[in-house]
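Below is one structure, written out as structure tokens; the observations come after it.
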Amino acid sequence: MKPQYLLSSFSIFLLFLRCTNTFAQSPAAAPAQAPAVVASPPAATPTQAAAPHGITNVTKILEKAGHFTIFIRLLRSTQEENHLFSALNDSSTGLTIFAPTDSAFSELKSGTLNTLSDGDKSELVKFHLVPTFLSTSQFQTVSNPLGTWAGTGSRLPLNVTSYPNSVNITTGLTNTSLSGTVYTDNQLAIYKIEKVLLPKDIFASNAPAPAPVAPAPEKPTKAVPAVTVESPAASVDISSALIFTHNLLVGSVGLLASAMFSL
């Protein structure tokens, strides 16, 4: 019984050694990798979020509102449309536009726009653009005259007067009022006007000169008869003078002849 026990113990010992060598020779298992964590991008802040429509498109706003066909055409032909894009993208003060309707342009004398040079057309458009955002309430405190893209000075006056229910605009040649708000936000304000704002710099020099005043006709004067002043000698009868002269000559000749004969 004891020899069998020893044999079994020895067999178990050999099996243990074999298993130990097998585990020692096998490569170590790679450690389990943790699942990769993908970092989510930070939530966009209000300043990072892009504007839903990008830069405000002035001509698109006017087209949608309607009745601004001529003003849109002028914005494009003078390249001021591109300047508006740049200004709205770069300016921190905003922009105010006084937009004349098509009926406002129809009140101009026929052919007025065709007589303007490209430079005058550009100045006319710029005269309707104020380089500052103005809400309707700010017209109550704004300083006159307003500066426009066309410039400032006595040849380019643009004055506004605010009343409880209206805002009046004058240029020296045009007098009109805001007739409605086309668009407004914190950067751009577009107001509708029913007359074209005419700057003196262009249209005052083109105004017809007043007709010269005809001189007043002279009052007819009555002819005054000439006054003839007769000399004293004029009253002497000319025939008597001739007879006297004749007798004098005859007497002188007679005396001269008598003297000669006496010699």
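The values are calculated or read from the model by the stated rules, or taken from the named source; none is laboratory data. The structure displayed is predicted, hence computed values, not measured ones. Positions of Cβ are backbone-derived with ideal geometry, glycine not excepted, and every protein chain shown enters the neighbour counts. The area values use the complete protein model at the heavy-atom level, side chains included, leaving out ligands, DNA and RNA. Shrake-Rupley method; radii C 1.70, N 1.55, O 1.52, S 1.80 Å.
Taken over region 169-202, residues that are assigned to a helix (DSSP H, G or I) and in contact with a Lys or Arg (Cβ under 7 Å, 6 or more places away or on another chain) amount to 2.
Among all positions in region 202-219, there is no residue which is at pLDDT below 95, open to solvent by less than 70 Å² (accessible area, probe 1.4 Å) and not hydrophobic (A, V, I, L, M, F, W, C).
The sole residue among LEU188, LEU129, LEU146 that is out of contact with any His (no Cβ under 9 Å at 6 or more places or on another chain) and closer than 20 Å to HIS67 by Cβ is LEU188.
Filtered by the rule that a residue be of a type outside the set (A, V, I, L, M) and not in a helix (DSSP H, G or I), region 109-130 gives LYS109, SER110, GLY111, THR112, SER117, PHE127, HIS128. A search for C-beta distances below 9 Å between a residue of region 116-128 that is modelled with pLDDT of 95 or more and any residue that is among the polar types (S, T, N, Q) and buried (at least 20 other Cβ atoms within 10 Å of the Cβ), counting only pairs 6+ apart in sequence or on different chains, returns LYS126/THR148; PHE127/THR148; PHE127/THR171; HIS128/THR148.
Among PHE139, PHE105, PHE85, PHE98, which is the only one that is aromatic (Phe, Trp, Tyr) and not in a helix (DSSP H, G or I)?
After ruling out the rest, the residue left standing is PHE98.
With respect to the conditions (1) more than 19 Å from ASN175 (Cα to Cα); (2) part of a loop (DSSP other than H, G, I, E, B); (3) touching a strand residue (DSSP E or B) at 6+ places or on another chain (Cβ under 9 Å); (4) open to solvent by 40 Å² or more (accessible area, probe 1.4 Å), ASN144 falls short on a single one, namely (1).
Going residue by residue through region 176-190, is there one that turns out to be out of contact with any helix residue (DSSP H, G or I) (no Cβ under 6 Å at 6 or more places or on another chain) and charged (D, E, K, R)? Full working, then the answer.
Taking region 176-190 first, the residues out of contact with any helix residue (DSSP H, G or I) (no Cβ under 6 Å at 6 or more places or on another chain) are 176-181, 184-190.
Now restrict to residues that are charged (D, E, K, R): 185.
The answer is yes, given that some residue of region 176-190 is out of contact with any helix residue (DSSP H, G or I) (no Cβ under 6 Å at 6 or more places or on another chain) and charged (D, E, K, R).
The set of residues in region 179-197 that are over 18 Å from PRO131 (Cα atoms) and surrounded by fewer than 19 Cβ atoms within 10 Å (Cβ to Cβ) comprises SER179, GLY180, GLU194. You will find that of SER106, SER137, the residue that is under 25 Å from GLU81 (Cα atoms) and free of Cβ contacts under 8 Å to residues at least 24 places away in the same chain is SER106 and no other.
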